[in-house]
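Visitor: Before I ask anything, here is the structure I am working with.
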Amino acid sequence: MKINVGLRREDINRWERRTPLIPAHVRELAENYPLQFLVQPSTIRVFPDSEYAAAGAIVQEDLCPSRVVLAIKEIPLNLLERGKVYVFFSHTIKGQAHNMPMLKKILELGCTLIDYEKMTDEQGRRVLFFGNYAGHAGMVDSLWAYGQRMKVLGLDTPFMRLKQAYHYSNLSEIKEETSKIGEDIKEKGLPEEISPFICGFFGYGHVSQGAQEIFDLLPSVEIAPAELEETVKEGYYSRHRVYKVVFKEEHMVKPRGNFAFDLQDFYQNPEKYYPVTEDYLPYLNILVNGIFWTPRYPRYITRDFLRKLYRPGTRPRLQVIGDITCDVDGALECTIQATDSEKPVYVYNPEEHRAEFGFAGAGPVVLAVYNLPAELPVESSTFFSSQLKKYVPGIVLAEYDREFARLELDPVVKRAVIAYHGELTPDFKYLGKYL
């Protein structure tokens, strides 16, 4: 007897075209395990309904017969069903206020919630992620935004030729276009007004690596944070190159006292450190933020700093902030709202602490698209699905009628069970204070 597995359509906005399982993997799983996939129809999913039907899935609206429902983004409260097992990015592990009603409803209905974000190996490394594709799209969009911003300020740059990531048919096309711009920079150089062209990267994980992969298609040279000031002020640069600086925690904070920086100590006791990132920002043209952040950590860009940097009569080098992490009111105080692909950027006015959509105004252009990997839906879905498929049989076939301590699941998956039969699991009891 086959067990039904639901694949929910994504409807958080019209730009969310991803899927957790692609048709080829649905077919593979159904042929090798006693699983029947029920797929909700969608007019925007990057893989059409017909491909799922051809793979043996039943395309229908009703997912009620499913034991497990797979999705990408949050599920609306009115669609949650009693006792169901849900697997998606819940965005609840930091106690995010906007998703606490959803978590509360999941608990009230006696549901089980498995969060992709907490599926980790024994070293604590995530096994399911879209971060690299967020980095790809975020870097392209940031360079595009820089070109548009400089155009408003009266300066033509090669970056004006770029488009937002979703305008390209695939990642290969993006890379080809970026490489051509790189050749142009090598041959003709960049305008003196924006040279040296320097992009800073907060973080060095999947997001940062994806962003750097795109940036490195340009004629890039890496410099250390300590070399920034000298590079700009002493003229140690070429207009036929672009420069990147990767900031690790040791560059972003300093100890409050006479002791050496220690990474694990910073993670455990962030209050013992203070941020120094603002010392570097005046030397950057673009900042890409790809770090993990919680309220325990310091803010790396403050409103007060931006108010001084963008005081009347000045034109700072820093013109674009690509906040790929997109923590609203988080590490960067200029990220005061999330955006989508239709209206991806706003100018942050530090004097009034408000956002004005577009490229004109006093303050930095902020890119804060909530679901950047959706701008590369084929590649990001295929990559994610190839990682997820190995865990699906275990999730669906598990015996959920036993107490949590005796639940037999792959440890990678079990670590990600936030709620079990309407109760927060031991590792996530702390979320109770946010409810």
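Nothing in this text is a laboratory measurement; each read-out follows from the coordinates by a stated rule. Quick caveat: nothing in here was measured; it's all calculated off a predicted structure. Positions of Cβ are generated from backbone atoms using ideal geometry, with glycine treated the same way; all protein chains shown enter the neighbour counts.
Visitor: Which number do you get for Rg(Cα) / (2.2 N^0.38 Å) in the chain? Don't skip to the end; give the middle numbers.
Guide: Working: Rg = 23.0 Å, N = 435, 2.2 N^0.38 = 22.1 Å.
Here the Cα radius of gyration is 1.04 times the empirical estimate.
Visitor: Exposure proxy check: K343, K104 ranked by fewest other beta carbons within 10 Å?
Guide: Numbers: K343 10, K104 14.
Listing K343, K104 from fewest to most nearby Cβ atoms yields K343, K104.
Visitor: To continue, here is another question. Given K151/K272; K104/K414; K151/K233; K151/K175, which pairs have Cα atoms separated by over 31 Å?
Guide: K151/K272
Visitor: Then there's this: Run the numbers for T43 and E403: contour at 0.36 nm per residue of separation, minus the present Cα-Cα distance, in nm.
Guide: 125.6 nm
Visitor: Across segment 136-212, how large is the tail of the calculated P(r) beyond 17 Å, expressed as a percent of all Cα pairs? Spell out each step's value before the answer.
Guide: Numbers: 1396 of 2926 pairs.
It works out to 48 percent of all Cα pairs.
Visitor: Okay, next question. How do D115, D323, D329 rank when sorted from fewest to most other Cβ atoms within 10 Å of their own Cβ?
Guide: The fewest-first ordering by Cβ neighbours comes to D329, D115, D323.
Visitor: Kindly work out what percent of the DSSP beta bridges joining two residues of the chain are antiparallel, to the nearest 5.
Guide: 30
Visitor: Measuring from centroid to centroid over Cα atoms, what is the spacing of segment 136-163 and segment 249-319 in Å?
Guide: Computed from Cα coordinates, the inter-centre distance equals 25 Å.
Visitor: While we're here: So which GluC sites (Glu not before Pro) in segment 359-412 pass both tests, a DSSP loop state and at most 10 other Cβ atoms within 10 Å of the Cβ?
Guide: Numbers: sites: E375, E379, E399, E403, E408; in loops: E399, E403, E408.
In loop regions of segment 359-412 (DSSP not H, G, I, E or B), the sparsely surrounded GluC sites (Glu not before Pro) are E399, E403, E408.
Visitor: Semi-axes, largest first, in whole Å: what does sqrt of 5 times each Cα gyration tensor eigenvalue give for segment 131-375?
Guide: Details: eigenvalues 138, 80, 72 Å².
Semi-axes, largest first: 26, 20, 19 Å.
Visitor: Just the number, please: Stokes-Einstein D of segment 243-306 in µm²/s, Kirkwood Rh from C-alpha pairs, 25 °C, 0.890 mPa s.
Guide: 192
Visitor: Could you please state, rounded to a whole Å, how far the C-alpha centre of segment 176-230 is from the C-alpha centre of segment 329-379?
Guide: 21
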